[in-house]
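The values are calculated or read from the model by the stated rules, or taken from the named source; none is laboratory data. What you see is a predicted model; the values in this text were computed from it and never measured. Note that each Cβ is placed from the backbone with ideal geometry, even for glycine, and that neighbours are counted across all protein chains shown.
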Amino acid sequence: MIANLNAAARFLRERDDVTGRVGTMGWCFGGGVALTYALGGEDHEATAIFYGSLVTDPEILGSIDHEVYGSFAENDGGIPPEQVNEFVAALRAAGIDNDVHIDDEVNHGFWLRIDGNPELRSEPGLDAWRRLKGYLRRTLSD
């Protein structure tokens, strides 16, 4: 998986129609993949995690050299807020800037399934979208 992502990053960096800055982004299992790439992939500038599995050891996270974005849900049984808070504490202990947020009253997948409960999920989904766009501007823009 890392080798495939390294090849994709090299391909992107060689194109003239992009900035040359590369980021990974993933939801659920893909969030864990994005974090895995941040820990073991070639240099890149951004990692965005949505509900992905986490690492809470500052020594391991210390290999990341860029800001990390994360969007999580308070009512996520698979990735509970306590684990997200441990992840944030470990990022801070490793000196890694981050924009990690736990949205209240929503569950796993809220960002992708706003139409399932628009009254509850619209505002957290819009907030996550705004934060993500700001993160991508900070990390991937020229």
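Among the numbered conditions (1) within 20 Å of A3 (Cβ to Cβ); (2) surrounded by 17 or more Cβ atoms within 10 Å (Cβ to Cβ), the only one that V100 does not meet is (1).
No other residue among W111, W129 is surrounded by fewer than 18 Cβ atoms within 10 Å (Cβ to Cβ) and aromatic (F, W, Y) apart from W129.
Table: residues versus (1) touching a residue at least 24 places away in the same chain (Cβ under 8 Å); (2) at negative phi.
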| position | (1), (2) |
| --- | --- |
| D17 | no, yes |
| G20 | no, no |
| G23 | yes, yes |
| Y37 | yes, yes |
| G40 | yes, yes |
| A46 | yes, yes |
| G52 | yes, yes |
| V55 | yes, yes |
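Taking region 91-124 as the range and being at pLDDT below 90, closer than 16 Å to G26 by Cα and not aromatic (F, W, Y) as the test, the residues that pass are H108, G109, L112, R113.
Taking the conditions exactly as written (at pLDDT below 95, in contact with a His (Cβ under 8 Å, 6 or more places away or on another chain), surrounded by 14 or more Cβ atoms within 10 Å (Cβ to Cβ) and of a type in the set (D, E)), does D76 satisfy them or not? Steps first, please.
Details: at pLDDT below 95: yes; in contact with a His (Cβ under 8 Å, 6 or more places away or on another chain): yes; surrounded by 14 or more Cβ atoms within 10 Å (Cβ to Cβ): yes; of a type in the set (D, E): yes.
Spelling it out, D76 is indeed at pLDDT below 95, in contact with a His (Cβ under 8 Å, 6 or more places away or on another chain), surrounded by 14 or more Cβ atoms within 10 Å (Cβ to Cβ) and of a type in the set (D, E).
Considering region 42-64, and only residues there that are at pLDDT below 95 and more than 24 Å from D104 (Cβ to Cβ), the residue that is surrounded by the fewest Cβ atoms within 10 Å (Cβ to Cβ) turns out to be D43. Do the conditions hold for L35, that is, is it assigned to a loop (DSSP other than H, G, I, E, B), crowded, with 19+ Cβ neighbours inside 10 Å and of a type outside the set (S, T, Y)? No; evaluated as a whole, the condition is false for this residue. Among the candidates E105, E82, E86, the residue that is over 25 Å from F11 (Cα atoms), outside any loop (DSSP other than H, G, I, E, B) and in contact (Cβ under 8 Å) with a residue 24 or more places away in the chain is uniquely E86.
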